[in-house]
Amino acid sequence: MFIVFEGPDCSSKTSQIRLLSLYLIQKDYKVTVLKEPGSTELGEQLRKLLLQGGLDSRAELALFFASRCDNVSKNILIKKNVEIVLCDRYIDSTVAYQCYGNETLSEKTLRPMLEFFSYNVKPDITFVLDVEYEEATRRMVGRENNHYDTSGEDYFKRVQSYYRSLNGKEGYHYIDTTNLSIDDVHHAILKKVDGFVKF
């Protein structure tokens, strides 16, 4: 099974993946936690470059695709049918940040490339965790920020507009985390996961 977590920065994705993985492990499921970019030797090297910023937008997109291709071929394709794979960001992040945030190219142009570089592997379910900009900036205090975190409100809201467009679409479960505790969000996720994973 392949479960993806998406959403704007500081929407609680990392915390919720950690909580869900711990819960599943306690239920004796074998779980692999991945992140994009990252999760392979190549992916981690590319992650450092991407988080530094300063890249041409097309070069940035190419590095994201290289990382995803490596991650899918070495991890997701192998594991998704024999265990539960949780991934922090996937295809929808590319659309959100490259098409809406950076305005690099149109979603229509990007879609065929997304399928090619992901081996056409799609998640069983995608949790979209949203957060208002003001709350996101509050959550950023005290953490090490990358150039995506400091891109400003307009950029954040362009990215957010795509994620909000996924609300109600098949295969997606949208949760606005702005006024919810970490435990509230976790229980909402468990309620949904319980529908397709037998504990």
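The values are calculated or read from the model by the stated rules, or taken from the named source; none is laboratory data. Note that the structure is a prediction, hence the values are computed from the model and not measured. When we count neighbours, we look across all protein chains shown, and the Cβ atoms used for this are built from the backbone with ideal geometry, even at glycine.
Of everything in region 23-66, what is in contact (Cβ under 8 Å) with a residue 24 or more places away in the chain, assigned to a helix (DSSP H, G or I) and either more than 24 Å from residue 110 (Cβ to Cβ) or among the small types (Gly, Ala, Ser) (or both)? Give them in sequence order. If you could, list the steps in order and put the result at the bottom.
So in region 23-66, the residues in contact (Cβ under 8 Å) with a residue 24 or more places away in the chain come out as 23-24, 27, 29-40, 42-43, 51-54, 57-58, 60-61, 63-66.
Among the residues that remain, those that are also assigned to a helix (DSSP H, G or I) are: 23-24, 42-43, 51-52, 57-58, 60-61, 63-66.
Correct list: 23, 24, 43, 57, 66.
Going through 71, 120 one at a time, which residue ends up being in a helix (DSSP H, G or I) and modelled with pLDDT of 95 or more?
On the way: 120 fails: in a helix (DSSP H, G or I).
Checking each option against the conditions leaves just 71.
Restricting to region 67-89, and then to whatever is more than 15 Å from residue 1 (Cα to Cα) and either free of Cβ contacts under 8 Å to residues at least 12 places away in the same chain or buried (at least 17 other Cβ atoms within 10 Å of the Cβ) (or both), can you tell me which residue is nearest to the chain's Cα centre (by Cα)?
Filtering first and then ranking leaves 89.
Can we say residue 17 is surrounded by fewer than 19 Cβ atoms within 10 Å (Cβ to Cβ) and either assigned to a helix (DSSP H, G or I) or touching a Phe, Trp or Tyr at 6+ places or on another chain (Cβ under 7 Å) (or both)?
No.
Somewhere in region 124-131, is a residue among the aromatic types (Phe, Trp, Tyr) and more than 17 Å from the chain's Cα centre (by Cα)?
No; the residues of region 124-131 include none that is among the aromatic types (Phe, Trp, Tyr) and more than 17 Å from the chain's Cα centre (by Cα).
Only one of these conditions is not met by residue 98: (1) in contact (Cβ under 8 Å) with a residue 60 or more places away in the chain; (2) under 14 Å from the mean Cα position of the chain (by Cα). Which number is it?
For residue 98, the failing item is (1).
From the set of residues in region 146-163 that are on the phi < 0 side of the Ramachandran plot and surrounded by fewer than 14 Cβ atoms within 10 Å (Cβ to Cβ), which is modelled with the highest pLDDT?
161
Identify all residues within region 123-141 that are surrounded by fewer than 19 Cβ atoms within 10 Å (Cβ to Cβ), of a type in the set (Val, Ile, Thr) and part of a loop (DSSP other than H, G, I, E, B); write none if there are none.
141
Looking at 103, 144, which is the one that is out of contact with any Phe, Trp or Tyr (no Cβ under 6 Å at 6 or more places or on another chain), in a loop (DSSP other than H, G, I, E, B) and within 16 Å of residue 163 (Cα to Cα)?
Every option except 103 fails the conditions.
State which residue is farthest from residue 125 (Cα to Cα) when the search covers only region 1-28 and only residues that are under 15 Å from the mean Cα position of the chain (by Cα) and among the acidic types (Asp, Glu).
9
Which ones in region 34-66 are basic (Lys, Arg) and surrounded by 14 or more Cβ atoms within 10 Å (Cβ to Cβ)?
Scanning region 34-66 gives 35, 47.
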